[in-house]
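Right, one structure below, let's go through it.
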Amino acid sequence: MEQLINKYWIKLSNKGIKYTRQRDLLLKNILEIREHFNADLLYVMLKAREINISRATIYRTLPLFEECDIIKKALQDKNRYYYEVSIKKQHHDHLICIECGKITEFYSNKIEAIQKEIYKNYSYSPTSHQMILKGVCDKCIRKRNENNTGKSNK
């Protein structure tokens with residue numbers, strides 16, 4: 001992990017981004033995250049670890065890390081971006097529960113084939129794509145059904 005951190009600091013310094021203790025703590029903690037996160041979730045996580053970094057510092061630093069391909073924007077929900085760590089991430093798409101916000105990553109050969117066909121049919125050269133499917137997860141459906149069953153028994 002230390003080699004990776006050093007590699008990223010070289011990348012950051014080559015872009016003129018100065019090393020600070022807070023940025024280093026952010027980098028180390030972000031590289032440990034295995035799920036999607038936003039600035040506010042990161043702030044709460046750091047507070048729980050008793051790491052004092054202001055929200056403003058987090059909001060200012062995330063775009064710098066994105067510029068250096070440490071993290072990438074995975075999703076946008078209203079005015080909030082969700083990030084994921086870029087390291088060795090295979091291409092994937094996302095399912096989002098509209099009730100609890102759960103994010104599930106998935107990959108489909110069929111969807112990838114259809115997208116290639118669409119690029120070809122419309123004479124486009126692919127550069128990137130992002131698919132986001134929204135729905136209600138099983139857990140929320142069960143919860144909804146339990147609530148409806150409880151109401152009808154009253």
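Coordinate-derived values only; no laboratory data. On a predicted model such as this, the values are computed, not experimentally measured, just so you know. Cβ placement follows ideal geometry from the backbone for every residue including glycine, while neighbour counts extend to all protein chains displayed.
Computed values, structure above
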| read-out | value |
| --- | --- |
| Residue check for L41: over 30 Å from W9 (Cβ atoms), surrounded by 12 or more Cβ atoms within 10 Å (Cβ to Cβ) and of a type in the set (A, V, I, L, M) | no |
| Residue that is farthest from the chain's Cα centre (by Cα), among those in the range 73-121 that are aromatic (F, W, Y) and outside any loop (DSSP other than H, G, I, E, B) | Y119 |
| Yes/no for T61 being in a helix (DSSP H, G or I), at negative phi and surrounded by 15 or more Cβ atoms within 10 Å (Cβ to Cβ) | yes |
| Filter pass, A48 being closer than 28 Å to V136 by Cβ, without any contact (Cβ under 8 Å) to a residue 60 or more places away in the chain and not β-branched (V, I, T) | no |
| Hits in the range 1-33 - residues which are of a type outside the set (A, V, I, L, M), assigned to a loop (DSSP other than H, G, I, E, B) and in contact (Cβ under 8 Å) with a residue 40 or more places away in the chain | K15 |
| Tally, over the range 121-137, of residues that are over 18 Å from H92 (Cα atoms) and either surrounded by 12 or more Cβ atoms within 10 Å (Cβ to Cβ) or of a type outside the set (G, A, S) (or both) | 5 |
